[in-house]
1. What order do F56, F63 take when sorted by accessible area (1.4 Å probe), most exposed first?
2. Quick check: residue separation of T24 and L103 times 0.36 nm, minus the Cα distance between them. What number comes out in nm?
3. Starting at the first residue of region 65-81, write each ³J(HN,Hα) from the Karplus equation 6.51 cos²θ - 1.76 cosθ + 1.60 with θ = phi - 60°, in whole Hz, x for Gly and Pro.
4. Provide Y98, Y73 ordered by accessible surface of protein heavy atoms (probe 1.4 Å), highest first.
5. Rank I41, I31 by accessible area, highest first, at a 1.4 Å probe radius?
6. Return one whole number: the accessible area per residue of region 25-98 in Å², for a 1.4 Å probe.
7. Taking 35 Å as R0, compute the FRET efficiency from the Cβ-Cβ separation of M64 and Q89 and round it to 0.05.
8. Specify whether the C-alpha gyration tensor of region 25-98 places it in the rounded, prolate or oblate class, a ≥ b ≥ c being the square roots of the eigenvalues: rounded for a/c under 1.5, otherwise prolate if a/b is larger than b/c and oblate if not.
Amino acid sequence: MTESGEETKNQGFRLLGILDVKNTPCARDAILHGAGGSIAIGLLHFLSTSRVRRSFDVGFAGFMLTTLGSWFYCRMNNAKLRVQQRLIQDGIKNKVVYEGTQLDPTMKPQEEKPSTAS
């Protein structure tokens with residue numbers, strides 16, 4: 001009985017049975033932005049035209065556009081961040097590997113001084 005309770009806690013909220021909002025990056029923010037955008041666009045359209053059905057359709061279209069726009073923007077930023085993190089990790093790894101050797105990029109090459117043999 002406790003196992004099923006733990007499974008429901010870890011499962012999270014599923015939107016339309018497909019999208020796990022809790023475990024999918026950017027999903028929660030995109031849906032919240034879409035809801036806010038749909039209310040704003042639908043309400044503005046209703047206030048300007050006083051057509052209820054058409055305002056609902058415009059609000060739904062606003063939801064879809066705002067959600068998808070927010071989703072793609074967030075995913076693009078996350079991908080860019082992951083690339084930057086990977087470059088930094090590779091740089092740190094190379095720093096550790098080459099530290100103290102002649103291949104260390106932070107070491108400045110020293111000019112060789114001719115030895116004076118007397």
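1. On the way: F56 140, F63 55 Å².
I get F56, F63, largest accessible area first.
2. Working: separation 79, 0.36 × 79 = 28.44 nm, distance 4.20 nm.
The span from T24 to L103 would gain 24.2 nm if fully extended.
3. Taking θ as phi minus 60°, the curve returns 5, 5, 5, 5, x, 5, 4, 5, 4, 5, 5, 5, 5, 5, 5, 5, 5 Hz for region 65-81.
4. Values: Y98 85, Y73 145 Å².
Heavy-atom accessible area, descending, gives Y73, Y98.
5. So, going from the largest accessible area down, we get I41, I31.
6. Numbers: 5640 Å² over 74 residues.
Value returned for region 25-98: 76 Å² of accessible area per residue.
7. On the way: r = 37 Å, r/R0 = 1.06.
Calculated transfer efficiency: 0.40.
8. On the way: a/c = 6.36, a/b = 5.94, b/c = 1.07.
Because a/c hits 1.5 or more and a/b exceeds b/c, region 25-98 counts as prolate.
The values are calculated or read from the model by the stated rules, or taken from the named source; none is laboratory data. Note that this is a predicted model, so its numbers are computed, not measured. Please note: Cβ atoms are built from the backbone with ideal geometry, for glycine as well, and neighbour counts cover all protein chains shown. Only protein heavy atoms, including side chains, enter the accessible area calculation; ligands, DNA and RNA are left aside. Shrake-Rupley method; radii C 1.70, N 1.55, O 1.52, S 1.80 Å.
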